[in-house]
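Read the figures in this text as sums done on the coordinates, not as results from a lab. Keep in mind it's a predicted model, so treat the numbers as computed, not measured. So basically every Cβ, Gly included, is an ideal-geometry build from the backbone, and we count neighbours across all protein chains shown.
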Amino acid sequence: MKVALACDHAGFLLKERIKDYLAEKGIFYEDFGTFDEEPVDYPDLAYKAASAVQKGEYNRGILVCGTGIGVAIAANKLKGIRAALCSDCFSASCARAHNDANILTLGARVMKKELALKIVDVFLETPFEGGRHLKRIKKIEKLENENCLKKI
Ligand code: RB5
């Protein structure tokens with residue numbers, strides 16, 4: 001398991017805590033920034049980690065901003081990325097089992113760090129169920145292929 005991590009300034013402290021947690025668990029990660037609490041633009045950071053997941057260099061990504069919303073919106077613009085904003089363990093479990101989400105997004109300003117770590121755990125440990133859910137993922141891929149027009 002290789003995890004790509006990124007955050008904006010609002011997510012920096014939670015991302016640092018997640019790094020410690022992954023290290024404790026012996027899970028390999030790469031930190032794509034940001035590296036302090038100086039204001040940055042979340043799409044730039046979301047793109048760095050999400051594109052590494054998109055290329056297949058990392059199995060999963062975890063993105064953190066203030067609410068988890070901005071990084072989710074940005075990451076989901078990349079073809080093949082299924083980023084899920086989760087604020088509870090049940091959603092994290094379904095994001096993996098049903099949606100085969102490859103990126104978890106978290107809101108550092110809306111949840112306690114300990115809950116965020118539990119969500120990370122569930123997200124990394126839950127396998128995709130396949131079966132009827134695979135058909136639905138294929139439909140998402142079809143939407144990407146047919147409706148994501150490239151703007152010049
Ligand atoms: C930064 O102030 C904040 O807007 C950002 O972290 C995030 O919550 C955006 O969705």
Just to confirm a number: summing +1 for Lys and Arg and -1 for Asp and Glu over residues other than ILE27 whose beta-carbon lies under 12 angstrom from that of ILE27, what do you get?
-1
In the structure shown, of LYS2/LYS79; LYS2/LYS112; LYS2/LYS139; LYS55/LYS118, the pairs separated by more than 22 angstrom at the C-alpha atoms are LYS2/LYS112; LYS2/LYS139; LYS55/LYS118
Hey, with R₀ at 30 Å, roughly what FRET efficiency would VAL110 and LYS135 work out to, going by the Cβ-Cβ distance, to 0.05?
0.35
Name the residues whose placed amide hydrogens come within less than 5 Å of the amide hydrogen of ALA84, ignoring near sequence neighbours (fewer than 5 apart) on the same chain.
ILE103, LEU104, THR105
Among the aspartates and glutamates, which have Cα under 13 Å from the Cα of LYS15 when same-chain residues fewer than 8 positions away are ignored?
GLU30, ASP31, ASP36, GLU37, GLU114
Segment 8-100: GluC sites (Glu not before Pro) in DSSP loop, at most 16 other beta carbons within 10 Å
GLU37, GLU57
FRET efficiency, 1/(1 + (r/R0)^6) with R0 30 Å, evaluated for GLU30 and CYS148 via beta carbons:
0.65
What helix-only [θ] at 222 nm does the chain give? Using -39500 (n - 2.57) per DSSP H run of at least 4, over all residues, to the nearest 500, the answer is -14500 deg cm²/dmol
Here the net charge surrounding ALA75, from other residues whose Cβ is less than 13 Å away from its Cβ (Lys, Arg +1; Asp, Glu -1), is +3
Is the chain rounded, prolate or oblate when judged by the Cα gyration tensor, a ≥ b ≥ c being the square roots of its eigenvalues, rounded requiring a/c under 1.5 and prolate requiring a/b larger than b/c?
oblate
